[in-house]
Structures are given as C-alpha cells and as structure tokens.
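Asks: Handing you this structure, nothing more for now.
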Amino acid sequence: MTVSRVFPRFEDKWVMVTGAGTGFGATLARRAAAEGANVIVHYNTSASGAETTAAAVRELGREALIYRADIKSWADIRAMIQRAWTDTGGVDVLINNVGDIATDQTTWREIDEAVIDRVLAVDIKGTMLMIHEMGTRMLERGRGSIVNIASTVVVRGSPRAPQYAAGKYGIIGLTKSYASAFAPTVRVNAFGPGFMETEAILTRPDWNSGRKERVLSQTPMGRIPAPEELAAAALFLATDDAAHMTGNFIMCDGGYSMIGA
C-alpha cells in the first residue's frame, strides 16, 4: 500500500522496527518514514520483504538500512544494536514488533515443548534483550523511546495458544520494569493491537473456518481493520505528544476487549 507524507512527528529521527519485512512491522516502518523518520528495517527470514519495506521508505525520501538478526540470540542482538549505533550515530526510537504467534497451531491440544520454547524465546527473551541493549545505549546518550507491541490477548487470554498469551503478558511486565529502570531518560510503553487483516491471520485455517465471524460478532466497531489503521496509534507512544507517558499499555482493538462487549 502506498503511503504519502503526513505530519512529521519523526522528522530526521532514526526509528528501528523489528520484524519489518512483513505484516504490522512493515506497516509501522512505512508509517514512520511517512512521518519523517529514517528507518532501520530488521528481519530474520523475510529478506525479500525487508527489501520491499526499505524501498517503500526510500520512495518517501528517507534513508533505510536493513539488518538481519535472530531475536532469540543475544549475540545477534548485541551485534545488530552496535551496528545500528555505528551506522546512524544514535537510534531515537525502537519498535519491538517481532513476535511469534504460533500461527500453525489451531488449538491448545496441539501444544508441545518446542513451540512453547520458540514462542517464549522470541516474545519474552528477545524483547527483553532488545530493550536491554538498545535502552542501555539510549540512557548513555540521554534520550530515547521504546514501544513494545503486545496484544489484546493479555485481556482475554488465548485458548488457542496459551504460550502466546504468556509471552504477551511477559511483555507488559518487561515494559513496566524497564520503564521504571530507565526513567526519566528513556520512555518504555506497550501497544496492544487487536485482530488485523495481515497475511498471518488471513491464511490461518481457524480464521477461515468460523473464527473470523465469531471475532466480528464480539467487536463493537464491527470490522477487522487493515494494519495501516493502527500504525499511527502505535507510533504515537514514541512521539513527543506522549512525553509524559511511560510504563503504559494502550489497546486498539475496536472494543473487542471492552468489558461487557
């Protein structure tokens, strides 16, 4: 989707987005560029997607760098963060978007130790180490903002994939812990998107065999949005407009998690 330049909330800043080769991460990277940011596009396996995202950033007249790293590896994270600071002179915003939602799992009965370890390694360990390594450098520099992409699953749970809910609950704990540790120099917040029309959702067997209709019936806004409709709200937490917000978790799910909905 083409994105035009909009209000420049990130003019001449460097924004790093993890998992930016596909899905919501790619949308966040494009939106940040549309708002004036130079963007570091991280990927692990989606090399072609990362190139596409970077090309979209450059079409908006901004710089784009592409880095590959396995978020489960502390060594990979350390090397990537060091490279980011060497190449840019300092990262202003980190968006921890990458996560494993166990898309191949349709019920809790399919759970096994390997998928538990994989999901928690990405969603909790990986997010924690990204915050730790980037936040340390931001503190030394004297400024910065981190936004962790969580999920509304922390309100409703996940009978499909309990380990996914556990991982996203963990992100809330990491957000509050590091927000306290880094205050007042570096702000750390979390954003909880609801269901979006990403490829990962649209191709899931359970989504196409009744779950979409159930979700829609429980969503007061009555529709499932495209990622582009949520990106600006997520990035808001990293802007100066949110300068007095840290340790917060905000949701954008069309009312799906609203009590009594």
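Asks: Check the chain and count each lysine pair with an alpha-carbon distance under 24 angstrom, considering only pairs eight or more places apart or from different chains.
Replies: Counting lysine pairs in the chain gives 7.
Asks: Oh, and also: Quote the FRET efficiency, to the nearest 0.05, computed for R118 versus S177 with a Förster distance R0 of 35 Å and r equal to the Cβ-Cβ distance.
Replies: With R0 = 35 Å, the Cβ-Cβ based efficiency is 0.90.
Asks: Under unit Cβ charges (Lys, Arg +1; Asp, Glu -1), what dipole magnitude, rounded to 20 debye, does segment 14-251 have relative to its Cα centre?
Replies: It works out to roughly 360 debye.
Asks: Give the relative contact order (percent, whole number) for segment 14-251; include only Cα pairs under 8 Å separated by 6+ residues.
Replies: Dividing the mean separation by the residue count of segment 14-251 yields 19 percent.
Asks: Remind me, relative contact order of segment 60-185 in percent, using alpha carbon pairs under 8 angstrom and six or more residues apart? Present the calculation step by step, with values, prior to reporting the outcome.
Replies: Numbers: 133 pairs, mean separation 38.4, N = 126.
Answer for segment 60-185 is 30 percent.
Asks: Taking +1 at the Cβ of each Lys and Arg and -1 at the Cβ of each Asp and Glu, which of T203, A242, I95 sits farthest along the dipole of segment 14-251 towards its positive end, judged by Cα position relative to the Cα centre?
Replies: Going by the charge dipole, the pick is A242.
Asks: Principal axis lengths of the chain from Cα atoms, whole Å, largest first?
Replies: 49, 38, 37
Bear in mind these aren't lab numbers, they're just calculated from the coordinates by the rules spelled out. The shown structure was predicted, so the numbers you read here are calculated from the model rather than taken from an experiment. Quick reminder, even Gly has a Cβ in these numbers, built from the backbone with ideal geometry, and neighbours come from all protein chains shown.
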